[in-house]
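Novice: Before anything else, here's the structure in question.
Read the figures in this text as sums done on the coordinates, not as results from a lab. Source: prediction; values computed, not measured. Glycine gets a Cβ as well: all are built from the backbone with ideal geometry, and neighbour counts include every protein chain shown.
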Amino acid sequence: MIEEKLTKTPLKRWLAGADALAKAERKLGLFQEQVNAYRELSSSLAHENAHG
């Protein structure tokens with residue numbers, strides 16, 4: 001069953017287990033906090049021809 005799901009939608013990362021999922025969610029939260037804390041500064045440094 002897992003193999004069938006993974007072959008239909010190839011993943012770059014697969015989190016196996018509730019503990020792995022919880023750890024990833026904590027890391028995502030910390031990363032989001034960092035993005036938000038420096039959003040204005042980061043945006044002010046954008047290059048005119050940057051494509052995002």
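Novice: Please give the FRET efficiency for Thr7 paired with Arg39, using the beta carbon to beta carbon distance and R0 = 30 Å, rounded to the nearest 0.05.
Specialist: Values: r = 38 Å, r/R0 = 1.27.
That pair, Thr7 with Arg39, gives E of 0.20.
Novice: Give me the net charge of Leu21's neighbourhood, meaning all other residues with Cβ under 13 Å from the Cβ of Leu21; Lys, Arg count +1, Asp, Glu -1.
Specialist: On the way: positive: Arg13, Lys23, Arg26, Lys27; negative: Asp19, Glu25.
Net charge around Leu21: +2.
Novice: Could you calculate the contour length gain from Gln32 to Ala16, that is, 0.36 nm times the residue separation minus the distance between their Cα atoms, to one decimal place in nm?
Specialist: Details: separation 16, 0.36 × 16 = 5.76 nm, distance 2.25 nm.
Result: 3.5 nm gained on full extension.
Novice: Also: Ordered by residue, what ³J(HN,Hα) values in Hz, to whole numbers, does the stretch 25-33 give under the Karplus form 6.51 cos²θ - 1.76 cosθ + 1.60, where θ = phi - 60° and Gly and Pro are x?
Specialist: 5, 5, 5, 4, x, 5, 5, 4, 4
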